[in-house]
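Engineer: Please read through the structure below; I'll follow up with questions.
What follows draws every value from the coordinates through simple rules; no lab data is involved. What you see is a predicted model, and the numbers here were worked out from it, not measured in a lab. With ideal geometry, Cβ positions are generated from the backbone for all residues, glycine too; neighbour counts draw on all protein chains shown.
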Amino acid sequence: MQTQEEWKQVNNAACRRWRITNAEYDQQRQLAWRQANPEYQARWAAANKEKINARKRVWARQNRAKLRRKELAQKFARRRACPPWAERAPLLAFYRACPPGFHVDHVIPLRGKLVCGLHCLDNLQYLPAQINLQKANRFSPE
């Protein structure tokens with residue numbers, strides 16, 4: 001007679017084997033479920049913020065080189081997008097004056113699908129952090 005713990009281990013191993021052998025079907029099934037239940041993911045994320053943040057911290061610790069490359073790519077993209085006539089001092093002052101809870105946002109993204117903006121004072125604005133994260137790298141011409 002198996003104990004409950006032994007049964008869990010056997011069952012988990014069987015589930016893992018099934019997922020590996022049926023990976024494509026399983027991915028399609030999960031995608032269909034997520035599309036049919038979009039509110040679940042938002043509720044789960046709201047209820048598990050600490051768990052999500054802990055995973056992000058672990059990932060960041062394990063992938064420092066990737067994060068550094070991404071930061072450098074963003075830095076050089078800003079440099080390339082900065083026109084020669086744009087003065088650096090007003091840009092730095094704008095960043096330093098950003099109110100708490102806000103992000104400095106490029107009105108026209110530096111690397112958008114429709115258009116690429118410049119890294120200059122006329123293209124910067126303060127946005128509440130949540131709105132800026134939702135906006136991401138998008139530009140709406142309206």
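Engineer: Does at least one position in region 69-83 carry a residue that is closer than 30 Å to GLN30 by Cα, among the aliphatic types (A, V, I, L, M) and surrounded by 10 or more Cβ atoms within 10 Å (Cβ to Cβ)?
Structural biologist: No: zero hits.
Engineer: If you don't mind, another one. Collect the residues in region 1-20 that are β-branched (Val, Ile, Thr) and either more than 32 Å from the chain's Cα centre (by Cα) or surrounded by 10 or more Cβ atoms within 10 Å (Cβ to Cβ) (or both), keeping them in residue-number order.
Structural biologist: THR3, VAL10
Engineer: Taking VAL58 as meeting all but one of (1) among the aliphatic types (A, V, I, L, M); (2) assigned to a helix (DSSP H, G or I); (3) more than 20 Å from the chain's Cα centre (by Cα), write down the number of the exception.
Structural biologist: (3)
Engineer: Here's something else I'd like to know. Pick out the one residue from LEU110, LEU92, LEU118 that is surrounded by 10 or more Cβ atoms within 10 Å (Cβ to Cβ) and touching a strand residue (DSSP E or B) at 6+ places or on another chain (Cβ under 9 Å).
Structural biologist: Among LEU110, LEU92, LEU118, only LEU118 is surrounded by 10 or more Cβ atoms within 10 Å (Cβ to Cβ) and touching a strand residue (DSSP E or B) at 6+ places or on another chain (Cβ under 9 Å).
Engineer: Do any helices (runs of 4 or more DSSP H) lying entirely in region 61-142 carry at least 2 residues that are within 18 Å of the chain's Cα centre (by Cα), and which ones are they?
Structural biologist: Ranges flagged: 64-81, 129-135.
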